[in-house]
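Participant: This structure is in structure tokens; I'll ask about it shortly.
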Amino acid sequence: MSETILTQCEDRILTITINRPEKKNALSLEMYDRLTVALDEAQADPQVRVILITGSGDSFSSGNDLTDFLRHPPTPGDSPAARFLHAICGAGKPIVAAVNGVAIGIGTTLLLHCDFAYAGRSAKFQLPFVNLALVPEAGSSLLLPRLMGQRKAAELLMLGEMFSPETALECGLINAVCDDAALLETARGTARKLAAKAPEALRLTRELLKDAGGTANNRIDRELELFAERLASPEARETLQAVMEKRAPDFSKFS
């Protein structure tokens, strides 16, 4: 794995660190490729239950390396940026983000595809696309209004001003603001909790949460269908057995 993207697997958590601190972790096309490889390998590895994404130094990511992108503009389909965005959007395992320092452009929009996100008090967010005469990316023009409403999404995307972690929390973009020193451990704490849970139940719950289509009645039927299947699953049998034996369920044998 390239030095600009570091990976480490411990306690069934794959930590991906964006590691280009001299450029405030700006993403090059090569880095997008490396991120996609890391995500794809995590999906295929039964030892990985959760993915944690963070940045090195004083930055999460300052966005795209504009010099690189001017030379090789991203396109739909088979471009490095598109492959990464589809990989993180379609990931089947929980993703936790620890946002340290600046999170600009893709550094903010990728959080829309994470299940949990925590930010240090020194974090700063920005969606500067219009300021650069560009348009939003990573599905943010669809997902931000759903998350925080049309007015607030318009404010963040059309004015393109820097905003605080407290604003990010109010908008639902992150789960909590942490002291900088406690940020990574807070994110890891959540990742460890997720890694200890039934993996297939988590996967199906994420699938339901990400599916914004259909009616409430349709969703009720789909949930009942999955609920019945889960009751007969090995994960559920282990959980119910653990309850009767007054112990914590053990999902280490499940992938």
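The values are calculated or read from the model by the stated rules, or taken from the named source; none is laboratory data. Please read these numbers as outputs of a predicted model, since none were measured by experiment. Reconstructed Cβ throughout: ideal geometry from the backbone, glycine too, with neighbour counts over all protein chains shown.
Participant: Among (1) closer than 19 Å to ASN19 by Cβ; (2) not in a loop (DSSP other than H, G, I, E, B), which single condition is ASN131 missing?
Facilitator: Failing condition for ASN131: (1).
Participant: From the list THR215, THR167, THR190, THR186, which one is modelled with pLDDT under 95 and among the β-branched types (Val, Ile, Thr)? Spell out how you get there, then give the answer.
Facilitator: Details: THR167 fails: modelled with pLDDT under 95; THR190 fails: modelled with pLDDT under 95; THR186 fails: modelled with pLDDT under 95.
When all the criteria are applied, what remains is THR215.
Participant: Exactly one condition in (1) in contact with a Phe, Trp or Tyr (Cβ under 8 Å, 6 or more places away or on another chain); (2) more than 18 Å from TYR118 (Cβ to Cβ) is false for THR54; which is it?
Facilitator: It fails just one condition, (2).
Participant: Determine if segment 188-207 includes at least one residue that is polar (S, T, N, Q) and within 16 Å of SER255 (Cα to Cα).
Facilitator: So in segment 188-207, the residues polar (S, T, N, Q) come out as 190, 205.
Filter once more, so that each one left must be within 16 Å of SER255 (Cα to Cα): 205.
Within segment 188-207, one or more residues are polar (S, T, N, Q) and within 16 Å of SER255 (Cα to Cα).
Participant: Which one is nearest to LYS23 (Cα to Cα), of the residues in segment 73-121 that are hydroxyl-bearing (Ser, Thr, Tyr) and surrounded by fewer than 21 Cβ atoms within 10 Å (Cβ to Cβ)?
Facilitator: Of segment 73-121, the ones hydroxyl-bearing (Ser, Thr, Tyr) are 75, 79, 108-109, 118.
If we keep only those that are surrounded by fewer than 21 Cβ atoms within 10 Å (Cβ to Cβ) too, we end up with 75, 79.
Numbers: THR75: 24, SER79: 22 Å.
Here the residue is SER79.
Participant: Quick check: is even one residue across segment 158-180 surrounded by fewer than 20 Cβ atoms within 10 Å (Cβ to Cβ) and on the phi > 0 side of the Ramachandran plot?
Facilitator: Yes - at least one qualifying residue is present in segment 158-180.
Participant: Those residues that are crowded, with 18+ Cβ neighbours inside 10 Å and not in a helix (DSSP H, G or I), I need them from segment 134-145; list them, please.
Facilitator: Answer for segment 134-145, where residues must be crowded, with 18+ Cβ neighbours inside 10 Å and not in a helix (DSSP H, G or I): PRO136, GLU137, ALA138.
Participant: Pairs needed: first member in segment 25-42, surrounded by fewer than 19 Cβ atoms within 10 Å (Cβ to Cβ); second member anywhere, assigned to a helix (DSSP H, G or I) and not aromatic (Phe, Trp, Tyr); C-beta distance under 7 Å; at least 6 residues apart or different chains.
Facilitator: Listed by first residue and then by second, the contacts come to LEU29/ASP68; LEU29/PRO80; ASP33/PRO80; ASP40/ALA87.
Participant: Turning to a different aspect of this structure: Return the residues of segment 174-201 that are within 26 Å of ALA228 (Cβ to Cβ) and assigned to a helix (DSSP H, G or I); say none if nothing qualifies.
Facilitator: So the first thing to find is which residues in segment 174-201 are within 26 Å of ALA228 (Cβ to Cβ), and the list is 194, 196-201.
LEU194, PRO199, GLU200, ALA201, listed by residue number.
Participant: Any residue at all in segment 239-248 that is in contact with a helix residue (DSSP H, G or I) (Cβ under 6 Å, 6 or more places away or on another chain) and surrounded by 12 or more Cβ atoms within 10 Å (Cβ to Cβ)?
Facilitator: Within segment 239-248, not a single residue is in contact with a helix residue (DSSP H, G or I) (Cβ under 6 Å, 6 or more places away or on another chain) and surrounded by 12 or more Cβ atoms within 10 Å (Cβ to Cβ).
Participant: Now a separate question. Return the pairs, sorted by first residue and then second, in which the second residue is of a type in the set (D, E, K, R) and outside any strand (DSSP E or B), the first residue lies in segment 107-122 and is at pLDDT 95 or above, the beta carbons are less than 8 Å apart, and the residues are 6+ apart or on different chains.
Facilitator: Short answer, once both residue conditions are applied: THR109/GLU137; ASP115/ARG206; GLY120/ASP179; GLY120/ASP180; ARG121/ASP179; ARG121/ASP180; SER122/ASP58; SER122/ASP180.
Participant: Residue by residue through segment 74-99, note down the ones that are closer than 11 Å to ILE53 by Cβ and in a loop (DSSP other than H, G, I, E, B). Before you say what the answer is, go through the steps one by one.
Facilitator: Residues of segment 74-99 that are closer than 11 Å to ILE53 by Cβ, as a first pass: 88, 91, 95-99.
Of everything in segment 74-99, just one residue is closer than 11 Å to ILE53 by Cβ and in a loop (DSSP other than H, G, I, E, B), namely ALA91.
Participant: Look at segment 58-73 and say how many of its residues are in a loop (DSSP other than H, G, I, E, B) and within 23 Å of the chain's Cα centre (by Cα).
Facilitator: Taking segment 58-73 and keeping what is in a loop (DSSP other than H, G, I, E, B), we get 58, 62-63, 65, 72-73.
Going one step further and asking which of them are within 23 Å of the chain's Cα centre (by Cα), we end up with 58, 62-63, 65.
Of the residues in segment 58-73, 4 are in a loop (DSSP other than H, G, I, E, B) and within 23 Å of the chain's Cα centre (by Cα).
Participant: Within the bounds of segment 193-211, is there any residue that is touching a residue at least 24 places away in the same chain (Cβ under 8 Å), of a type outside the set (Asp, Glu) and under 27 Å from ARG121 (Cβ atoms)?
Facilitator: Checked against the condition, which is being touching a residue at least 24 places away in the same chain (Cβ under 8 Å), of a type outside the set (Asp, Glu) and under 27 Å from ARG121 (Cβ atoms), segment 193-211 yields at least one hit.
Participant: Step by step: first the residues of segment 222-233, then only those that are in a helix (DSSP H, G or I) and over 28 Å from the mean Cα position of the chain (by Cα), then the one that is modelled with the highest pLDDT. Which residue is that? Don't jump to the end; show me each part of the working.
Facilitator: The initial filter retains those residues of segment 222-233 that are in a helix (DSSP H, G or I), namely 222-231.
Right, trim to over 28 Å from the mean Cα position of the chain (by Cα) and you get 228, 231.
Details: ALA228: 93, LEU231: 88.
Filtering segment 222-233 for residues that are in a helix (DSSP H, G or I) and over 28 Å from the mean Cα position of the chain (by Cα), the one modelled with the highest pLDDT comes out as ALA228.
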